[in-house]
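Bear in mind these aren't lab numbers, they're just calculated from the coordinates by the rules spelled out. Note that the coordinates shown come from a computational prediction; the quantities given were computed from them, not determined experimentally. Backbone-built Cβ (ideal geometry, glycine too); neighbour counts: all protein chains shown.
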Amino acid sequence: MFTPSTLAVAYRNSETHIRDLAQRLQLPKYRLTSELKFVTDYDYLLMHQDDALVIAKTGKGAPKPVSVELASGAVDHRRKFGGGKGQDIAKACGLTKRQGLTIFDATAGLGRDAFVLASLGCNVTLYERVGFVRELLCDGVDRAKMVVDIADIMERISLALDTIFEVEEEECVDVVYLDPMFPHNDKSSAAVKKEMAFFRDLVGHDADADSLLPKAMLLARYRVVVKRPKGAPYLNGEEPSFRLDGKSGRFDIYVKRSLDHN
Ligand SMILES: C[S@@+](CC[C@H](N)C(=O)[O-])C[C@H]1O[C@@H](n2cnc3c(N)ncnc32)[C@H](O)[C@@H]1O
């Protein structure tokens with residue numbers, strides 16, 4: 001679970017918005033200019049770098065800071081060359097069967113999966129419960145909205161303030177997508193990218209992930225899609241209607257109703 005004692009907010013004197021962020025998230029704060037010496041009391045800092053909100057690990061040999069980048073890097077590369085609706089995530093959500101699906105991404109994280117789905121024509125609402133991750137997401141979404149190239153995609157993305165547990169059954173959507181954190185074994189942890197280590201350190205694993213499935217089943221009109229690492233047990237111990245197995249992970253699909261129905 002999230003351990004705020006290892007995270008602080010760093011800001012320069014003029015960066016009042018970051019200072020406000022510290023207050024909002026109830027995190028300790030430091031002015032980088034005069035109090036740099038205290039920075040290493042914390043494992044991670046939330047700070048501004050090149051106009052982006054980033055999370056940075058402190059100390060020697062720390063990996064590159066992480067931010068939400070939807071208009072460049074790996075996410076952009078995947079949009080252009082990732083295989084479109086041929087990707088397993090698209091097949092799992094049923095994008096080959098129906099256009100313009102509405103989707104709740106109930107475990108949004110850094111928004112990469114949500115962006116793939118929106119770039120393939122879905123209208124996606126993002127839910128993220130950890131405050132600092134939601135702030136990174138909000139910052140990344142705001143910056144991506146300024147990029148003309150992907151303006152149409154960004155119009156299909158919205159960020160909620162709560163979690164799906166606050167959503168009423170009447171507000172259902174076509175598909176609910178779940179990708180909770182799973183405790184990796186040593187073998188698979190080698191594959192976890194260095195820069196994503198903060199997720200493991202700070203967010204931990206989502207021990208209550210099982211409870212997402214029954215709620216998602218109430219909110220989905222057609223299906224619930226669960227992304228799982230290879231070898232992980234079924235969420236909530238429930239066998240899916242079918243699964244799509246990939247190299248490093250799989251999608252479990254819980255069908256409620258055929259996508260051919262209205
Ligand atoms: C593995 S990450 C998701 C990565 C994401 N699919 C992506 O493409 O970037 C899981 C995220 O789900 C969030 N999460 C877990 N349970 C949640 C819940 N009940 N409500 C909202 N967010 C949740 C965690 O805080 C974490 O950020």
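When you filter the trypsin sites (Lys or Arg not before Pro) in segment 56-137 for DSSP loop state and at most 11 other Cβ atoms inside 10 Å of their Cβ, you are left with 60.
Residues of segment 62-100 falling in the label zone of residue 242, defined by backbone nitrogen less than 16 Å from a point 7 Å along Cα to beta-carbon, are 86-98.
Here the mean projected area of the convex hull built on the C-alpha positions of the chain is 14.5 nm².
Pairs with C-alpha atoms separated by more than 20 Å, drawn from the list 91/230; 97/215; 227/256; 85/227, are 97/215.
Counting residues in segment 4-57 as N, plug N into 2.2 N^0.38 Å and put the Cα Rg over that result. Relative to the rule-of-thumb radius for its length, segment 4-57 sits at 0.99. Among 68, 147, 225, the largest mean-square fluctuation in a Gaussian network model of the chain, built with springs joining Cα atoms closer than 10 Å, belongs to 147.
Here the Karplus relation 6.51 cos²θ - 1.76 cosθ + 1.60, evaluated at θ = phi - 60°, turns the backbone of segment 203-217 into coupling constants of 8, x, 9, 7, 4, 9, 4, 4, 5, 5, 5, x, 5, 4, 5 Hz, with x for every Gly and Pro. Helix 16-25 axis versus longest C-alpha principal axis of the chain: approximately 60°, rounded to the nearest ten.
Helical runs (DSSP H, four residues minimum) scored at -39500 (n - 2.57) apiece and divided by the length of the chain put the mean residue ellipticity at 222 nm at -6500 deg cm²/dmol.
When the pairs 80/247; 29/64; 57/80 are compared against a 26 Å limit on Cα-Cα distance, 57/80 fall above it. Near residue 102, the amide H atoms lying under 5 Å from its own belong to 123, 174, 175; only residues 5 or more places off or on other chains count, and H is placed 1.01 Å from N. Extension gain, residue 129 to residue 81: 0.36 nm times the residue separation minus the Cα-Cα distance gives 14.2 nm. Phi angles across segment 158-167 convert, under the Karplus curve 6.51 cos²θ - 1.76 cosθ + 1.60 with θ = phi - 60°, into 3J(HN,Hα) values of 9, 10, 8, 9, 10, 10, 5, 5, 8, 8 Hz, Gly and Pro given as x.
GNM on the chain, alpha-carbon springs under 10 angstrom: the most fluctuating residue among 102, 125, 40 is 40. For the chain, the longest principal axis of the C-alpha atoms and the axis of helix 131-144 are separated by about 80°.
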